[in-house]
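Report on the following structure.
The values are calculated or read from the model by the stated rules, or taken from the named source; none is laboratory data. Worth saying up front: this structure is predicted, and the values here are computed from it rather than measured. Note: ideal-geometry Cβ built from the backbone for every residue, glycine included; neighbour counts use all protein chains shown.
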Amino acid sequence: MTLLGTLRKVARSLLVVLLVTFMVVALLSLAPGSVATIILGPAATPESEAALISELGLDRPVWTQYLDWLGNAVQGDLGTSLLTDLPVTDIIAERLPVTLELALLAQVIALGIAVPLAIAAAARPGSVVDRITSALASASLSIPAFVAAPILVYFLALQLDLFPVSGWNDLSEGIGPNLESALLPAFAIALAEIAAFQRLLRTDLVGTLREDYIAAARAKGMSPTFVMLRHALRPSSFSLITLLAISTGRLLGGTVIVETLFSLPGLGSLVVNSITSRDVIVVQGVVAFIAVVYVALNTAVDVGYGLLDPRVRKEARA
Amino acid sequence: MTQIDYLDQTGGALAESVPSEPVVPVVRRRRSLSVGLSYTWLALVVVLAALVPLLPVSDFDIAAGPPRTSPAFGELDLLLGTDNFGRSILSRVLYGGRVSLVVGLIAGMAAFVIGTFLGLLAGYFGRWVDAVITYVTDALLAFPPLILLLSISAVTKPSLFTLTVGLTILVIPSFVRLSRANTIAWRSREFVRAARNMGATSPRIIRREILPNVLPTVASYLPLVIASLIVAEGSLSFLGLGIPAPTPSWGGMISDGKDSLNDAAYLVLVPSVVVFLTVFALNQIGDSLRARFDRTAGD
């Protein structure tokens, strides 16, 4: 039963993957003329446009284009950049580690701040601590990245001079310089995550703390700290783990603003640069990659969740 | 009195045994100060942005004073300072607000109408209608929001129209999901079955029985969605892919000012504060509406 359910979920997400990639490929062929003029710029003539359209294969039916693209993609070929002639997969492989490090670092920072805050707030619902943290959380959920990042740069990098304003030091240059360049952007990304994590975990903790077994543990004379950390935290963290996994996937394409502002060589700035330099093949490849990874991660969470929490398995069967 | 006796099968015993204190406390609707302030701020921004051509401020594209004047009381044009070209920041913030608000409102409303309709169809008819709509929704949701907008802007010329269409596509899936889930919750209720047994057609059932119940819940998410649309529009214009210059936009102003952070931080701080307050106000209003109209909202 569980196996069948898993297979169904995987099949379902494969279908979504096909749809997603089809959308990406179709997007270009929806407007072949405009793609050609965008690439060629003001120097375009009708002849050169037609030549480029047929060179890119945009004059063929969408289905043939898509099947061609898919055939190449499953063999690890996402096409070559119009600008640098490098394979798109190579470009992605070069840019992915930066975005991945940013996303993971941001999640570590977010967890490190959100979990203690959530515990403090849930320990006394309605207390001053609870109200202050929840006010802060709803405020920081309303700070868009393009507002948070420049303001953090202003206060932490320019006024206090704690971090460099922009630039990237690769891990190969040592962990110290690497972290120095990665911490501020990661914190800018983490800001909204902290709030989301704190809210979720606080709500779940408050719910768990009302359970009978918590009252029993307290009645046995266990200290509030022990009850909170050993009895309440783990069963309350399931939704947090789900959110963590999903938002990590989301961050692969969600660090665009921060990467651009700090001029970090990640996937997000790759998309933006490719758009401004009109390299549509790279845009197509990267967008497809990000979307497919996101779907895969969500499916993994969906399936893994059932393995992790026996209660879900039972409910699914009923 | 006779009527009450007739309804009360216990012969009046119930009326006497009802305790003077209600068992479940009456739900007290909190009059929140922050929600009140949010409505005030939003009204202020909307009115000022709508009336800015009539206000005694200079146009957004001409110099109103010396470049990089710090904010100061005195002349209205210079209240929030001037930018690198001496243009009034007050004027640019208000004109920029027009773009953000109009785009957010139109895209939000369009997505609300389209998404609610599709969600009703998917939830009511189920089967292949549901499958098709759900798969397309899931596929759209697989794109991180900004990436979806970026890939649309890769093949189109940035303009008010393409921007609005892109933003509409971006948020349709959220409305589809909400409306579908709510439709499923209502579609097998007794009054819907009664309507069907009385021979009502599907369009009529959807329109007269289900829609009125689904609408408040879905609509209560509108402020939250508009807030996210304003953020998305701001992100695009921050990246230089939104409304083309010289039309000002909040994201564009922050982007223009970010290189002068060191010596003229107000270039970034002023539009940042405006964006934050607007998004925060919309989120507060959305949360309060959701608490009132969405029965599934737990927290």
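Residue-wise test of (1) crowded, with 23+ Cβ neighbours inside 10 Å; (2) within 9 Å of chain A (Cβ to nearest Cβ); (3) in a loop (DSSP other than H, G, I, E, B).
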position	(1), (2), (3)
B:229	yes, no, no
B:245	no, no, yes
B:248	yes, no, yes
B:252	yes, no, no
B:271	yes, yes, no
B:276	no, yes, no
B:284	yes, yes, no
B:290	no, no, no
For region A:70-93, which positions are in a helix (DSSP H, G or I), surrounded by 12 or more Cβ atoms within 10 Å (Cβ to Cβ) and free of Cβ contacts under 8 Å to residues at least 60 places away in the same chain? A:70, A:72, A:90
What number of residues within region A:262-282 satisfy the criterion of being of a type in the set (A, V, I, L, M, F, W, C), part of a loop (DSSP other than H, G, I, E, B) and either surrounded by 24 or more Cβ atoms within 10 Å (Cβ to Cβ) or modelled with pLDDT under 80 (or both)? 1
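Within region A:187-204, work out how many residues are farther than 15 Å from residue A:142 by Cα and either crowded, with 24+ Cβ neighbours inside 10 Å or at pLDDT below 85 (or both). Spell out the reasoning first.
Let us first name the residues in region A:187-204 that are farther than 15 Å from residue A:142 by Cα, namely A:187, A:200-204.
After this cut, where a residue has to be either crowded, with 24+ Cβ neighbours inside 10 Å or at pLDDT below 85 (or both) as well, the list is A:201-202.
Of the residues in region A:187-204, 2 are farther than 15 Å from residue A:142 by Cα and either crowded, with 24+ Cβ neighbours inside 10 Å or at pLDDT below 85 (or both).
Per-residue answers, yes or no, for (1) in a helix (DSSP H, G or I); (2) free of Cβ contacts under 8 Å to residues at least 60 places away in the same chain; (3) surrounded by 21 or more Cβ atoms within 10 Å (Cβ to Cβ):
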{"site": "A:234", "(1), (2), (3)": "yes, yes, no"}
{"site": "A:242", "(1), (2), (3)": "yes, no, no"}
{"site": "A:246", "(1), (2), (3)": "yes, yes, no"}
{"site": "A:260", "(1), (2), (3)": "yes, yes, yes"}
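Do any helices (runs of 4 or more DSSP H) lying entirely in region B:110-217 carry at least 1 residues that are more than 14 Å from every other protein chain (Cβ to nearest Cβ), and which ones are they? I'd like the intermediate steps shown before the answer.
Details: elements: B:127-141, B:145-155, B:160-187, B:190-197.
Qualifying helices (runs of 4 or more DSSP H): B:127-141, B:160-187, B:190-197.
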Residue that is within 18 Å of residue A:291 (Cα to Cα), at pLDDT below 75, within 11 Å of chain B (Cβ to nearest Cβ) and part of a helix (DSSP H, G or I), where the choices are A:19, A:28: A:28
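Yes or no: region A:59-69 includes at least one residue that is over 30 Å from residue B:133 (Cβ atoms), away from chain B (no Cβ under 14 Å), surrounded by fewer than 13 Cβ atoms within 10 Å (Cβ to Cβ) and modelled with pLDDT under 75.
If we filter region A:59-69 for residues that are over 30 Å from residue B:133 (Cβ atoms), which is where we start, we get A:59.
Next cut, away from chain B (no Cβ under 14 Å) only: A:59.
With surrounded by fewer than 13 Cβ atoms within 10 Å (Cβ to Cβ) added as a condition, the list becomes A:59.
Within this subset, residues satisfying the condition of being modelled with pLDDT under 75 are A:59.
Yes.
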